[in-house]
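Taking it in order: structure first as structure tokens, then the write-up.
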Amino acid sequence: MKPSDPLARPVQVGWTSARASHCGFIFNPDQLRSNYLAAEASTGISPQQMKKVQEAYDYTRQSTLETIKDNLAYCNKERTTAIRTDLNRYLAGDFSPKARMAR
């Protein structure tokens, strides 16, 4: 996903939240969602765009959880390292998009 895509951030943050939850990271996914949406709202985007951002985040998180729920080998060392890096960045309030998402 290109960083310039307006839905890059909600997709990446929702994706990371789902992956972190699945792999047992200790964080509050509801608080991360709230902080992320507040950061988006603070940019002054329109209510219509804000609704799209929220829907993209929620859909991505839920569909990711559904996709990986039965994959017992999902949380390997490489993935957990990548998840930890992204999650820590998001928990610190840096929601800038990455150039691409690696699975």
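Any read-out appearing in this document is the output of simple, stated calculations on the displayed coordinates, not a laboratory observation. Here the structure is a predicted model, which is why all the values come from computation and not from measurement. Cβ sites come from the backbone with ideal geometry, for glycine too, and all protein chains shown count toward neighbours.
Among the residues making up region 3-17, a single one is over 15 Å from Gln54 (Cβ atoms) and surrounded by 22 or more Cβ atoms within 10 Å (Cβ to Cβ): Thr16. Filter region 46-78 down to residues that are acidic (Asp, Glu) and assigned to a helix (DSSP H, G or I) and give me whichever is farthest from the chain's Cα centre (by Cα). Top of the filtered list is Glu78.
Regarding region 9-28, can at least one residue be identified that is in a helix (DSSP H, G or I) and free of Cβ contacts under 8 Å to residues at least 40 places away in the same chain? Among the residues of region 9-28, not one is in a helix (DSSP H, G or I) and free of Cβ contacts under 8 Å to residues at least 40 places away in the same chain, which makes the answer no. In region 46-73, of all residues being in contact (Cβ under 8 Å) with a residue 24 or more places away in the chain and hydrophobic (A, V, I, L, M, F, W, C), the one that is surrounded by the fewest Cβ atoms within 10 Å (Cβ to Cβ) corresponds to Leu65.
Residues that are aliphatic (A, V, I, L, M) and surrounded by 15 or more Cβ atoms within 10 Å (Cβ to Cβ) were ranked within region 18-45; the one that is farthest from the chain's Cα centre (by Cα) is Ala39.
Are any residues in region 29-45 among the hydroxyl-bearing types (Ser, Thr, Tyr) and either touching a residue at least 24 places away in the same chain (Cβ under 8 Å) or not in a loop (DSSP other than H, G, I, E, B) (or both), and if so, which ones? The answer is Ser34, Tyr36.
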